[in-house]
Amino acid sequence: MAAAPQYPLHGVSLGVLQDLVLDELDRPVAAAFENALRILKDAGATVTQFSWAELQRPDWRDVFPVITHSDIHACHGRFAEENADLIEPGVMRVIMHGKTVLPQDRADALAFRNRVSQEAHDIISRFHVVVMPTVPLVAPLVSSLSDPEQAKKIEFMIGRNNEPANFFDCCAATVPCQSAGELPVGFLMMARNGDDRRVLTVANAVEAVFKTRGSDRRRSTNQPMRGKTVVQVIENLRFAENGRPEGELLQDLEQQRKNDFVWNNPHNMKAAYWAGEDVFRIGREAYAAFHGDNMIYGKLLYPSLLEISAEVVAMALEMLGAPEGAGGTVTSGGTESIILAVKTAREWARNERPTKSAPEIVVGYTCHPAFNKAAELMGLKLVRLPPTSSCRVDVEMMRQHITENTIMIVGSAPAYPIGCIDPISELAELARDRNLWLHVDACVGGFFLPFAKEIEEIPPFDLSVKGVRSMSADLHKYGYTSRGASLVLFSEKRYEEYQRFVLEDWPTGQFTTLTIAGSRPGGAVASAWAVMKYLGRSGYRQRTQKIIEARRAIVSAVQQLDEVCVLGEPLAGIIGIGGTTGTDMKAVRQGMIDRNWRFAPLENPVGINILLNYTRRCGRRIHWRSEKRDPRLKSREGTNEVH
């Protein structure tokens, strides 16, 4: 089922003050205000009426003039006395009235305001904003001001609804809410002192809604809003003084994510990596058990984490064909693993293969952008090769781009966008011939290909290939562990010294880490250990088998269509699908999105990226259909058990 659309003011709570500010409204004001509330409710806002008994007490209204008149006199009194002939008598009386306010009376009034303002702010904070008509009257006729008593009452009414915001030191904004051709009516929004950004954000959205309703009456009042809702923008703009109850917080979180795509929904063909409810539960519980433990203090406080981490690394090295004496580290994710591999290669080159100028890395077109990130962080030059028809690295092309400053080349197993495996054996031979550092990025395939090669023919890709010095493999992808956990692995443990950061002179002594992060969650390591132990090789093999069956079924189905094609030769859990001549793949993508499928788009070539996940009936029935005039890939809902 498609997630419900979010509307411009979805979840915004408006408190409608019932005391004082709605008294004696002119009929046009009352009508415009009621219509405005109706429009905002249609736009997703929650409208709640509330009473504020404090406003009916005379205390604050008696105190307010003491403060305002004394402030007015302090600002304008001297000028008024020196230029009395220039000032209208009524204005002069107001200015000079402040001269009669005693200092103690002003101090008492300010103390009273501070006390009741806190209560006011507590009441206001129940809502995102409190709303009311800005002025209870429409603009009066000039003739109605000829009677002094009538003029005095009109003057009072014009300022009445603004007084609460002014007295309680709130922030407020107002926007017009009248219909076209009618007299101006203001819609005032008020919040606590300091919540200016909140008020302006809401006011901006409210004004946009009013303008939309006024300019196009035929438009539905339930038009979805692209991007974030107002609530998502404003909720975290202020760190509340007091905490909230646990139950309320959890309900709020559930409410906030109700329109999110469920991560293990079979229609999610992005990076979900679902292995079953049991695996998810094991990983989550292991993470929670080590929630407060920090890897950086493993030696002093949490020796079990060091043992668990070492065992995870050892299992992965064995799985990936590492020679005797290999090493590795658990990291926070694939990007950190890649950055650490590049850092290690740079330090290795400084000692064993120095260059004349900035060291260079040569990568294929489909290689992960994390290598660009690493090069930028470390002042290296990255050379990215042009795309190839096979979606794999062209070894001869890479050879031609190697210079005397090249220190590192990279192959992917597989490349994330398409799912093809680069020719690692040939790259390794090139690396040996030129004394280069070869890294294999197996972030996606590291926990898939070792089991896939027991099921189908997979070209050599791991640490068993002589010349591969490092690999990256994500535990939280097809390792099915909790995020974030990855591995950077080395063919020789001595390379870890190039990976390590060391500061010798610090108040606590030597500071050293193998990772970019200092503090690291013990839960991620514990989750990885638990899931690997729970599944065993057979558990991974079973899930890999199901995904391979699904991949083969999808590839076969696509190959039967004239309008679309499989990109390259995918050998993992990723498939890239492009269009043949005349097929509008952007239309195909939109058609799938309209049918509630989610995937990563490809732009060169234009297509879609499908990432497959395991389910118990994985790959049982898959249906594709094409339409000649407007080609779209379609799946009959409920029949595709893999995504």
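The values are calculated or read from the model by the stated rules, or taken from the named source; none is laboratory data. No experiment lies behind these values; they were computed from the predicted model shown. Cβ: placed from backbone, ideal geometry, glycine included. Neighbour counts: every protein chain shown. Each accessible area value is taken on the protein alone, full model and side chains, heavy atoms only, with ligands, DNA and RNA left out. Shrake-Rupley method; radii C 1.70, N 1.55, O 1.52, S 1.80 Å.
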note: region 161-200, Cα-Cα separations exceeding 12 Å make up a percent value of 58
Among the Cα-Cα pairs of region 407-493, the proportion with separation greater than 22 Å, in percent, is 22
Region 71-141 accessible area per residue, 1.4 Å probe, protein heavy atoms, integer Å², reads 61
Convex hull around the C-alpha positions of region 32-154: the volume in Å³ per residue is 164
Shape descriptors of region 500-589 over alpha-carbon atoms, Rg and Dmax in angstrom, are 23.2, 69
Quick numbers on region 566-611, Rg and Dmax over C-alpha atoms in Å, give 10.5, 29
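List the trypsin sites (Lys or Arg not before Pro) within region 291-381 that DSSP assigns to loop and that have no more than 10 neighbouring Cβ atoms inside 10 Å.
Those that pass, being in a loop and sparsely packed, are K299, K356.
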Note, A32: beta-carbon cut-off 10 Å, +1 each Lys/Arg, -1 each Asp/Glu, net -2
Whole-percent tail of the Cα-Cα distance distribution for region 342-480, cut at 26 Å, equals 18
Taking protein heavy atoms only, a 1.4 Å probe, and rounding to whole percent, the accessible area of the chain owed to carbon and sulfur comes out at 51
In Å³ per residue, the alpha-carbon convex hull of the chain encloses 253
Straight-line reach check, K258, cutoff 18 Å on alpha carbons, 8 or more apart in-chain or any other chain, hits among lysines -> K228
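Given charges of +1 on the Cβ of Lys and Arg and -1 on the Cβ of Asp and Glu, with all other atoms neutral, how large is the dipole of region 20-152 about its Cα centre, in debye to the nearest 20?
Here region 20-152 has a charge dipole of around 340 debye.
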Expressed to two decimals, region 109-203 has a Cα Rg over Rh, using the Kirkwood radius, of 1.05
One computes Rg over Rh for region 74-134 from alpha-carbon atoms, with the Kirkwood Rh, and obtains 1.19
Of all GluC sites (Glu not before Pro) in region 244-346, the ones in DSSP coil with at most 12 other Cβ atoms within 10 Å are E324
The helix 277-289 Cα axis meets the longest alpha-carbon principal axis of the chain at an angle in degrees, between 0 and 90 and rounded to 10, of 70
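Write down, largest first, the equivalent ellipsoid semi-axes of region 456-547 in whole Å, where each equals the square root of 5 times an eigenvalue of the alpha-carbon gyration tensor.
After diagonalising the Cα gyration tensor, the semi-axes are 31, 20, 9 Å.
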Region 440-510 accessible area per residue, 1.4 Å probe, protein heavy atoms, integer Å², reads 39
Under the Karplus relation with 6.51, -1.76 and 1.60 and θ = phi - 60°, whole-Hz ³J(HN,Hα) for region 574-586, x at Gly and Pro, equal 10, 10, x, 10, x, x, 7, 4, x, 8, 8, 5, 5
